[in-house]
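Report on the following structure.
Nothing in this text is a laboratory measurement; each read-out follows from the coordinates by a stated rule. Note that the structure is predicted; figures quoted are calculated from it, not measured. When we count neighbours, we look across all protein chains shown, and the Cβ atoms used for this are built from the backbone with ideal geometry, even at glycine.
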Amino acid sequence: VQLQASGGGLVQAGGSLRLSCAASGRTLSSLLMGWFRQTPGKEREFVVHINWSGGSTYYADSVKGRFTVSRDNAKNTVYLHMNSLKSEDTAVYYCAARPQGGLRSRPYEYDYWGQGTQVTVSS
């Protein structure tokens, strides 16, 4: 599975961005998809994951109510809609995938990773 994340950029605090993660090499519908983020010197942090149907999601408390994850299995793409962005959301955002499972919030639980896309929120 190859994952390609895109959509990052520079945005002012309070603004919005939408990240995309396009998958190839395997149908997305059989995979649990996750988003993580990382800042220099810190461990990779869980943001959200979404199951194959999109009916089950799990958000980190830090983004709950501001971020929304969705997926379009026909397009083999997962989206992360980020609203009310804060300076502390600044990070490189990664999408990740693994075979279906329950709650998976640790980076080592994911088998496939995209290259990351930079999100910078200016205050």
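Counting charges near Ser16 (Lys, Arg +1; Asp, Glu -1) among other residues having Cβ under 15 Å from its Cβ returns a value of +2. Between Thr39 and Lys75, the FRET efficiency from the beta-carbon distance, with R0 = 35 Å, is close to 0.75.
Students often forget the sequence filter, so: which lysines lie under 25 Å Cα-Cα from Lys42 once same-chain residues fewer than 8 apart are removed? Straight-distance partners of Lys42: Lys64, Lys86.
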